[in-house]
Amino acid sequence: MKKELLLACGLFLALPVGQGFAEGKTALAEKWSVHQTHEMKLFGFNEDEGTYYEDEPNDTFAKATPVETGYFLSGSSHNQSVNNGKDIDLYKFTLKDEEDYSLVAYTQNQREQTLKIRVLSSDGEEVAKSTLFSEDGYDLQSIESVLTPGTYYLEVTNSYSTVLNENYAIFHDVYGYGQSFERLAGEDRYETSVKISQDGWLDGEAETAVLATGANFPDALSATPLAYRYGAPLLLTRQASLPAVVKNELVRLGVSKVFIVGGTSAVSADVENQVKNMGIKVTRLSGTDRYSTSVKIADEIGAGAVVVATGGNFADALSIAPIAAQLEMPILLSRKDSVPGAVSTFINNWDVERSYVIGGVNAISDAAAKKLPGVKRISGADRYATNSKIIDTFIEDIDTFFTYFATGTNYPDALAGSALAAQYSSPVILTNPAKANIATKTTVEKYMDQMYVYYILGGETALPQSAIDQLFAE
């Protein structure tokens with residue numbers, strides 16, 4: 001997703017307008033980018049885009065464009081002399097039950113102040129009307145209301161000027177107040193990375209993808225901030241050959257550039273050539289070892305602050321990965337007792353003032369940490385407690401509306417999922433697939449009121465439903 005879209009969604013979600021607004025994030029985050037570039041269609045429903053396009057003329061109840069909740073509505077305020085400078089667009093929808101109803105609307109040229117939306121009953125009475133919220137330069141029209149069963153009409157007008165052609169997009173939906181679960185999983189780790197990509201990126205939406213090995217973790221641990229830097233999914237490949245499902249995903253995404261992280265021992269020259277033969281530009285980021293590879297990736301990102309994690313295990317780096325990405329901090333790998341020279345050189349060259357050391361002294365010793373500028377260590381008794389400490393530390397910087405769960409005993413699913421989580425400013429919670437760690441369970445309980453959609457990364461073998469159920473058991 002586009003960074004500016006997510007920022008706008010983040011501002012929108014922060015407004016004090018009620019729980020229902022927040023739950024519109026799914027469709028907003030996944031579909032709004034369509035309207036940033038889409039040319040208006042004449043009319044009809046586009047299932048791929050999840051959008052109803054107005055069917056003009058729709059200025060009377062009899063001619064109202066029929067729609068359903070849970071989708072975008074796309075239309076144009078077409079004020080001209082023939083309609084006395086006031087185009088009225090009407091959309092018709094029906095509710096079978098009493099529902100908590102939410103609506104948000106934007107215009108193409110930021111004329112939200114003059115956009116007006118009313119919910120009308122079937123007898124023409126006003127039931128609710130939109131109000132304008134503004135924050136940090138972002139405006140939106142929004143409605144939050146409880147609607148009883150019946151047929152309703154959305155009336156859309158824009159009073160900006162007598163002569164006006166202004167495209168607008170509306171998202172409206174009804175919401176319950178419970179959490180929902182969704183599993184993102186394929187037949188293996190490679191297909192799982194594709195399923196994760198498909199959940200976060202529309203067809204043709206990603207110019208860039210990051211490709212990492214699915215066979216071993218060291219070269220891949222620093223890849224998430226790179227993926228976030230380019231709005232890219234993070235896909236996994238076999239060392240010797242590009243899985244067909246991954247190749248097909250590169251085509252679906254419309255990728256024109258791929259970053260391969262790691263040397264040929266991680267991702268072979270044959271894989272690189274397979275990607276190049278697809279007409280895709282390839283840039284390989286690799287060093288002489290895992291530590292210098294992390295620096296090569298960091299050079300592509302830049303730094304004000306950095307994350308330093310052990311290169312000897314995957315859990316600490318993956319726990320911080322989506323948050324480091326969101327805060328544009330590269331992940332540098334270190335030995336336990338000494339900071340590699342390449343890492344120290346990078347820190348000096350970029351005048352880094354803050355270093356977040358992830359994990360305890362068994363991961364990175366105090367002697368090594370003292371060589372870093374502005375050190376703040378984040379650690380717990382084990383990988384799960386460290387993961388919880390990270391979430392607590394950065395809770396003001398993240399949004400737990402979407403929360404991602406991955407096994408803490410292997411890295412592939414959490415790695416691919418961390419790139420998706422970063423796009424939504426979300427955390428990844430590592431959990432024990434056999435028995436829930438008390439720290440993990442405490443974290444879920446602490447932030448449960450802020451969590452609405454839980455994504456389980458990987459299949460039942462990697463992270464069984466029973467492990468998730470333990471986190472929510474009384």
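The values are calculated or read from the model by the stated rules, or taken from the named source; none is laboratory data. Since this is a predicted model, take the numbers as computed values, not measurements. Cβ atoms come from the backbone with ideal geometry, glycine included; neighbour counts cover every protein chain shown.
Among the residues of region 305-331, how many are of a type in the set (Gly, Ala, Ser) and on the phi > 0 side of the Ramachandran plot? Quick ask: steps written out before the conclusion?
Applying the first criterion (of a type in the set (Gly, Ala, Ser)) to region 305-331 yields 305, 309, 311-312, 315, 317, 319, 321, 324-325.
Still in the running and on the phi > 0 side of the Ramachandran plot: none.
Residues flagged as of a type in the set (Gly, Ala, Ser) and on the phi > 0 side of the Ramachandran plot within region 305-331 amount to 0.
Please go through region 427-455 and pick out each residue that is touching a residue at least 60 places away in the same chain (Cβ under 8 Å) and in contact with a helix residue (DSSP H, G or I) (Cβ under 6 Å, 6 or more places away or on another chain).
Pro427, Val428, Leu430
Would you please name the residue that is surrounded by the fewest Cβ atoms within 10 Å (Cβ to Cβ), looking only at residues in region 69-96 that are under 16 Å from Glu56 (Cβ atoms) and hydrophobic (A, V, I, L, M, F, W, C)?
My answer is Val82.
Restricting to region 394-416, and then to whatever is in a loop (DSSP other than H, G, I, E, B) and of a type in the set (A, V, I, L, M, F, W, C), can you tell me which residue is nearest to Asp469 (Cα to Cα)? It would help to see each step written out before you state the result.
First, the residues of region 394-416 that are in a loop (DSSP other than H, G, I, E, B): 394, 398-401, 408-411.
If we keep only those that are of a type in the set (A, V, I, L, M, F, W, C) as well, we get 394, 398, 401.
Values: Phe394: 25, Ile398: 24, Phe401: 19 Å.
Among residues in region 394-416 that are in a loop (DSSP other than H, G, I, E, B) and of a type in the set (A, V, I, L, M, F, W, C), the one nearest to Asp469 (Cα to Cα) is Phe401.
Condition check ((1) of a type outside the set (Lys, Arg); (2) crowded, with 24+ Cβ neighbours inside 10 Å; (3) assigned to a helix (DSSP H, G or I); (4) not assigned by TED's automatic domain parsing to the domain that holds Thr310) across all residues:
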position: Gly380; (1), (2), (3), (4): yes, no, no, no
position: Asp392; (1), (2), (3), (4): yes, no, yes, no
position: Ser418; (1), (2), (3), (4): yes, yes, yes, no
position: Lys435; (1), (2), (3), (4): no, no, no, no
position: Val444; (1), (2), (3), (4): yes, no, yes, no
position: Tyr447; (1), (2), (3), (4): yes, no, yes, no
position: Glu460; (1), (2), (3), (4): yes, no, no, no
position: Ile468; (1), (2), (3), (4): yes, no, yes, no
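Identify, by number, the condition in (1) touching a Lys or Arg at 6+ places or on another chain (Cβ under 8 Å); (2) within 22 Å of Glu126 (Cα to Cα) that Leu95 doesn't meet.
Looking at each condition in turn, Leu95 falls short on (1).
Inside region 390-429, can you point out the residues that are charged (D, E, K, R) and more than 22 Å from Glu191 (Cβ to Cβ)?
At the first step, the residues of region 390-429 found to be charged (D, E, K, R) are 392, 396-397, 399, 413.
Scanning region 390-429 gives Asp392, Glu396, Asp397, Asp399.
Which of the residues belonging to region 23-46 are surrounded by fewer than 18 Cβ atoms within 10 Å (Cβ to Cβ) and either part of a loop (DSSP other than H, G, I, E, B) or at pLDDT 50 or above (or both)?
His38, Glu39, Met40, Lys41, Leu42, Phe43, Gly44, Phe45, Asn46
Within region 286-333, how many residues are free of Cβ contacts under 8 Å to residues at least 24 places away in the same chain and either crowded, with 19+ Cβ neighbours inside 10 Å or assigned to a helix (DSSP H, G or I) (or both)?
Qualifying residue count, region 286-333: 1.
Give just the number: which of (1) touching a helix residue (DSSP H, G or I) at 6+ places or on another chain (Cβ under 8 Å); (2) of a type in the set (D, E, K, R); (3) more than 23 Å from Ala414 (Cβ to Cβ) does Glu272 not satisfy?
(1)
Could you check, for region 167-175, whether at least one of its residues is assigned to a loop (DSSP other than H, G, I, E, B) and either surrounded by 18 or more Cβ atoms within 10 Å (Cβ to Cβ) or in contact with an Asp or Glu (Cβ under 6 Å, 6 or more places away or on another chain) (or both)?
Within region 167-175, the subset assigned to a loop (DSSP other than H, G, I, E, B) is none.
No, region 167-175 contains no residue that is assigned to a loop (DSSP other than H, G, I, E, B) and either surrounded by 18 or more Cβ atoms within 10 Å (Cβ to Cβ) or in contact with an Asp or Glu (Cβ under 6 Å, 6 or more places away or on another chain) (or both).
Looking at region 226-273, which of its residues are of a type in the set (Ser, Thr, Tyr) and more than 22 Å from Ala421 (Cβ to Cβ)?
Let us first name the residues in region 226-273 that are of a type in the set (Ser, Thr, Tyr), namely 228, 230, 237, 241, 256, 264-265, 268.
Those that are of a type in the set (Ser, Thr, Tyr) and more than 22 Å from Ala421 (Cβ to Cβ): Ser241, Ser256, Thr264, Ser265, Ser268.
I'd like to check something: does region 221-237 contain any residue that is of a type in the set (D, E, K, R), surrounded by fewer than 24 Cβ atoms within 10 Å (Cβ to Cβ) and not in a helix (DSSP H, G or I)?
First pass over region 221-237, keeping only residues of a type in the set (D, E, K, R): 229.
When the remaining residues are screened for being surrounded by fewer than 24 Cβ atoms within 10 Å (Cβ to Cβ), the result is 229.
Then drop every residue that is not not in a helix (DSSP H, G or I), which leaves none.
Looking for residues that are of a type in the set (D, E, K, R), surrounded by fewer than 24 Cβ atoms within 10 Å (Cβ to Cβ) and not in a helix (DSSP H, G or I), one finds none in region 221-237, hence no.
Working carefully through the options Glu99, Glu49, Glu112, Glu126, find the one that is without any contact (Cβ under 8 Å) to a residue 24 or more places away in the chain and buried (at least 17 other Cβ atoms within 10 Å of the Cβ).
Working: Glu99 fails: without any contact (Cβ under 8 Å) to a residue 24 or more places away in the chain; Glu112 fails: without any contact (Cβ under 8 Å) to a residue 24 or more places away in the chain; Glu126 fails: buried (at least 17 other Cβ atoms within 10 Å of the Cβ).
The conditions single out Glu49.
Per-residue answers, yes or no, for (1) among the aliphatic types (A, V, I, L, M); (2) out of contact with any Asp or Glu (no Cβ under 6 Å at 6 or more places or on another chain):
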site	(1), (2)
Asp299	no, yes
Ala309	yes, no
Ile323	yes, yes
Glu328	no, yes
Ser334	no, yes
Gly341	no, yes
Asp366	no, yes
Leu372	yes, yes
Arg377	no, yes
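Go over the candidates Ile398, Ile323, Ile378 one by one and state the one that is of a type in the set (A, V, I, L, M, F, W, C) and touching a Lys or Arg at 6+ places or on another chain (Cβ under 8 Å).
Values: Ile398 fails: touching a Lys or Arg at 6+ places or on another chain (Cβ under 8 Å); Ile323 fails: touching a Lys or Arg at 6+ places or on another chain (Cβ under 8 Å).
The conditions single out Ile378.
So, Asp199, is that one touching a strand residue (DSSP E or B) at 6+ places or on another chain (Cβ under 7 Å) and in a strand (DSSP E or B) or not? Walk me through it before giving the result.
Numbers: touching a strand residue (DSSP E or B) at 6+ places or on another chain (Cβ under 7 Å): yes; in a strand (DSSP E or B): no.
Judged against the criteria, Asp199 is not a match.
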